[in-house]
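Novice: The structure follows.
The values are calculated or read from the model by the stated rules, or taken from the named source; none is laboratory data. Keep in mind it's a predicted model, so treat the numbers as computed, not measured. For neighbour counting, all protein chains shown are included, and Cβ atoms are generated from backbone atoms with ideal geometry for every residue, glycine included.
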Ligand SMILES: [Zn+2]
């Protein structure tokens, strides 16, 4: 009930009068977009200026510009220019003929620019020609993990700067998992039991096992989650990230490609942390959904979410679900991931949702998402690069025609070398059924369906977005008025005379 007030907000629609005639702003901008629908440069300019609300599907480490990691690496670490491996120190027993270099040596030998470019290519999709698209993408995270852990301040500052410059008011970033060395007794035994219960779908026994693990781990986990929250708050405040232009919140995540007890412990940590912090607003699960353990344990992971959702009903859940294609998963797997994320795990938002058309209960899922306003987070460039899904293979039209609330997001803008501006441009170019009115709904969805906890903050961001749209639309219409070549696109309001 707490958030309902926002749903009663009307989407603002502005109209501007010039002398006696009244310009129909939405119709005029719609005509403008229609006219330029295939013009990449004009659309880029338009969408760069358009306020975009929030980016809700945003992995911190994959979104930081690759150059932030690369430049830090050049200045602080040792690099093997042949393999592009990075270490804090050169190995003691160096192989003959293999040169490890630091900044000084790279500069002396005139290799700085070459190695910088090589690293950017290695850690992103820049100039990548295939064939292993998925590996190039997912392997990047491991390759830049060393600089990633040393550059949170630079990374967050860069993300804020980019957001503000492209009129993004809010970021909800999947920031980190919660570090904790604590273990429970006999983890191997628990793994075997959990896997057996999952295989036989013994839900009662499974819930009892989860309860036992939860009880044993909770007291160990609490201090870890508190430390994690304090670190996030420290960074957030030290960098003064929230201001009158910009707001950021964080999601915790567990990794889905490790043994079940480890996933469950990580999820407990994530939920404990999110439950206690206003800055940590939700929990997610990450890593390739098509990998062995992710596929094998998918149903089990959904049960873990369901269990923790009951323990922590206020913690919001965003779920990577259905980031699959027939090339990556067999028909049995393609049939149920989004369905289970919605109906078992209690997900509030679905990340990607690409396989929806393959799920046998798709209609039921789509209805539930529409009625409950559970958004699908659409990541067009990511789906194109990693999955090879684009154009009308992408289920965006399925979600559109079923009136499922949508948000447009970047996923990993750093690795994918994209921006939210690009994502809107691609949307506009490829899916002409999106009118301007449909498109302007998306940034407002991204604030309404964000996990921002404080009502006052959510309202503030919403108001900021509404004001930004008023300014933007006024400017676009004024430009159309001023430029003779655009005047024919202006639409006048037809008023009935009484
Ligand atoms: Zn993602």
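Novice: For the stretch 27-76, which fully contained helices (runs of 4 or more DSSP H) count at least 3 residues that are more than 18 Å from residue 118 (Cα to Cα) and either more than 16 Å from the ligand (Cβ to nearest atom) or at pLDDT 95 or above (or both)?
Specialist: 40-49, 60-63
Novice: Same structure again: Given the conditions (1) in a helix (DSSP H, G or I); (2) more than 16 Å from the ligand (Cβ to nearest atom); (3) under 31 Å from the mean Cα position of the chain (by Cα); (4) surrounded by 15 or more Cβ atoms within 10 Å (Cβ to Cβ), which single one is not true for residue 79?
Specialist: All conditions are met except number (1).
Novice: Can you tell me which residue within the stretch 154-202, out of those that are within 16 Å of the ligand (Cβ to nearest atom) and assigned to a strand (DSSP E or B), is surrounded by the most Cβ atoms within 10 Å (Cβ to Cβ)?
Specialist: Among those that are within 16 Å of the ligand (Cβ to nearest atom) and assigned to a strand (DSSP E or B), it is 172.
Novice: Continuing with the same structure: If you scan the stretch 255-276, which residues turn out to be within 16 Å of the ligand (Cβ to nearest atom) and assigned to a loop (DSSP other than H, G, I, E, B)?
Specialist: 256, 257
Novice: How about the stretch 346-374: which of its residues are within 19 Å of residue 450 (Cβ to Cβ) and more than 14 Å from the ligand (Cβ to nearest atom)?
Specialist: 346, 348, 369, 370, 372, 373, 374
Novice: Being crowded, with 22+ Cβ neighbours inside 10 Å and either part of a helix (DSSP H, G or I) or not assigned by TED's automatic domain parsing to the domain that holds residue 205 (or both) is the filter here, so list the residues in the stretch 277-297 that pass it.
Specialist: Within the stretch 277-297, just 294 meets the criteria.
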